[in-house]
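Trainee: Pasting a structure here, questions to come.
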Amino acid sequence: MTETLLSYLTTRNPNVYLFAKPQLSYTFNSDWDPVDSVREWTDFNYDTLHLRFRNELNRHVSPFDTARNCEAGGFNNIFDERGLSDLICMSIMGPVSAVLPSAFITSGGRVTHHVGCIPDWGAGKDEARDQFGKAKALVIGDTKFNWSSINAFNAVQNTRNGFYEDSTLIDTVRPIEQVQYYGAVYGCRYVYIISDQELVVMQLHLAPDPVRTSPRPQRTRLPPSHQRVTSSSTISRKLTDMSIDESCFKASIGLVEYKKIPWSATSGLTIKLALYCLVRLAAEDGNDLKTDYPRLTSQVEPSVTQLLPSTALPSVQPRGSIQTSSTVASTPQTSNETAAQYYNTTVVWNKARTGYIYKDNNSQWVFDDPTSNWKEIGGQIFKFQGAPPYARSSMPH
């Protein structure tokens with residue numbers, strides 16, 4: 001028995017039951033830089049990612065649904081961050097890592113190279129390991145128990161250049177500072193935080209002056225009683241208070257783009273699908289930190305071009321000359337259709353399967369075009385609107 005990779009990556013996550021008081025503060029290290037600026041990563045969405053990886057997502061894999069087993073074993077009864085990490089490992093990281101081609105996403109120890117900078121999760125490739133058997137980090141992540149990003153991003157967006165330091169919400173921003181630091185030290189463009197409520201994937205942009213060559217002024221440490229509440233996260237152990245050697249140049253991050261995916265999502269962009277695509281993007285497009293990046297929509301073009309029926313110029317054959325199906329003979333003809341010229345394109349479904357995504361004759365992407373705009377003729381679909389040439393495509397799967 002098999003299922004499509006898309007179905008596999010959109011299976012539900014276990015129901016989570018928390019048996020602990022909300023955490024009031026999170027791990028803090030004075031070496032972490034404030035978060036300068038944030039904005040939503042609108043480009044990271046289901047339609048764009050499905051268009052990019054549609055061939056791979058249509059392949060069949062063996063089922064790996066651990067939700068019921070995790071629930072039956074009580075792994076979804078969470079009392080601390082260790083318990084949450086165990087659940088995430090079994091129900092999310094394991095299934096995703098099992099289907100990644102030539103890559104993995106597991107414990108951060110497999111990509112750790114810096115003392116004092118030890119992420120909970122890491123993605124990499126086994127084909128390029130160092131003498132200690134460790135891979136270069138492609139994507140880095142951290143687990144946070146009882147954390148929600150809403151207040152954190154609000155705190156940053158409502159202030160500028162770290163002035164949220166005086167905000168009562170400052171502790172909620174610490175997890176973002178932490179993964180931003182990981183990305184800066186390891187030179188990773190993609191980082192994420194996963195909690196019992198959501199996955200927050202982030203794309204880091206270098207500041208205009210991306211690398212500092214001398215230590216920045218140290219933040220003022222809070223009084224010991226308020227500096228930190230110990231988390232069971234790996235970084236919260238003794239190594240947390242060790243500074244990275246400043247001789248290792250550390251990038252300066254100027255912008256954090258983010259996308260939030262709820263734990264409960266079972267369609268569209270789910271947590272497992274988001275992590276799968278994030279690792280694929282890092283492995284295929286590179287994960288080096290830059291001040292700016294091409295839009296993901298521009299990166300899907302090569303894969304879609306390979307799917308086009310022909311790379312020739314748009315056909316000038318009139319619509320009336322196609323008589324290869326009884327469907328054509330029974331379809332009413334209009335003078336506009338008879339005089340039509342066609343260009344070949346490839347349509348794919350949007351997330352809700354209510355419309356099509358395709359590239360028009362001017363090489364511009366069209367999203368959510370209603371199916372009612374298209375006619376099926378002879379096993380293909382045609383769009384007879386506007387001036388010719390008109391769009392022609394195979395039926396989407």
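The values are calculated or read from the model by the stated rules, or taken from the named source; none is laboratory data. Please read these numbers as outputs of a predicted model, since none were measured by experiment. In this analysis, Cβ positions are derived from the backbone assuming ideal geometry, glycine residues included, and neighbour counts consider all displayed protein chains. Accessible surface areas use protein heavy atoms only, side chains included; no ligands, DNA or RNA. Shrake-Rupley method; radii C 1.70, N 1.55, O 1.52, S 1.80 Å.
Trainee: Taking the Cα centre of each part, how many Å lie between the range 336-397 and the range 11-64?
Mentor: That distance is 33 Å.
Trainee: Would you list which aspartates and glutamates come within 19 Å of Lys351, measuring only between C-alpha atoms, while excluding same-chain residues fewer than 8 positions from it?
Mentor: Glu3, Asp43, Asp47, Glu56, Glu301, Asp368, Asp369
Trainee: Over the range 1-119, average the accessible area per residue using a 1.4 Å probe and give it in Å², no decimals.
Mentor: Working: 5150 Å² over 119 residues.
Here the per-residue accessible area is 43 Å².
Trainee: Percent of alpha carbon pairs in the range 1-92 separated by more than 15 Å?
Mentor: Value for the range 1-92 (Cα pairs over 15 Å): 73 percent.
Trainee: What are the residues whose amide H is under 5 Å from the amide H of Asn146, where those residues sit 5 or more places off or on another chain and H is modelled from the backbone?
Mentor: Asp196
Trainee: Say the cut-off is 30 Å between C-alpha atoms; which of Lys259/Lys383; Lys259/Lys359; Lys125/Lys290; Lys260/Lys290; Lys134/Lys272 go over it?
Mentor: Working: Lys259/Lys383 34 Å; Lys259/Lys359 25 Å; Lys125/Lys290 21 Å; Lys260/Lys290 22 Å; Lys134/Lys272 24 Å.
Those over the limit are Lys259/Lys383.
Trainee: While we're looking at this one, here's another question. For the range 344-381, which trypsin sites (Lys or Arg not before Pro) pass both filters: DSSP loop (anything but H, G, I, E, B) and at most 11 other C-beta atoms within 10 Å?
Mentor: Arg353
Trainee: Still on this structure, please answer the following. Semi-axes, largest first, in whole Å: what does sqrt of 5 times each Cα gyration tensor eigenvalue give for the range 51-142?
Mentor: Values for the range 51-142, descending: 24, 22, 10 Å.
Trainee: Per the 1.4 Å probe, what fraction of the accessible area of the range 1-140, in percent, lies on carbon and sulfur atoms?
Mentor: On the way: 3300 of 6270 Å².
With neighbouring chains kept in place, the figure for the range 1-140 is 53 percent.
Trainee: Non-local amide H neighbours of Gly254 (under 5 Å, H modeled in plane, Pro and chain starts lacking H): which ones?
Mentor: Sorted by chain and number, the residues that satisfy this are His205, Leu206, Ala207.
Trainee: Tell me, what HN-Hα J-couplings in whole Hz come from the Karplus equation 6.51 cos²θ - 1.76 cosθ + 1.60 at θ = phi - 60° for each residue of the range 272-280, using x for Gly and Pro?
Mentor: Along the range 272-280, the couplings run 5, 5, 4, 5, 4, 5, 5, 5, 4 Hz.
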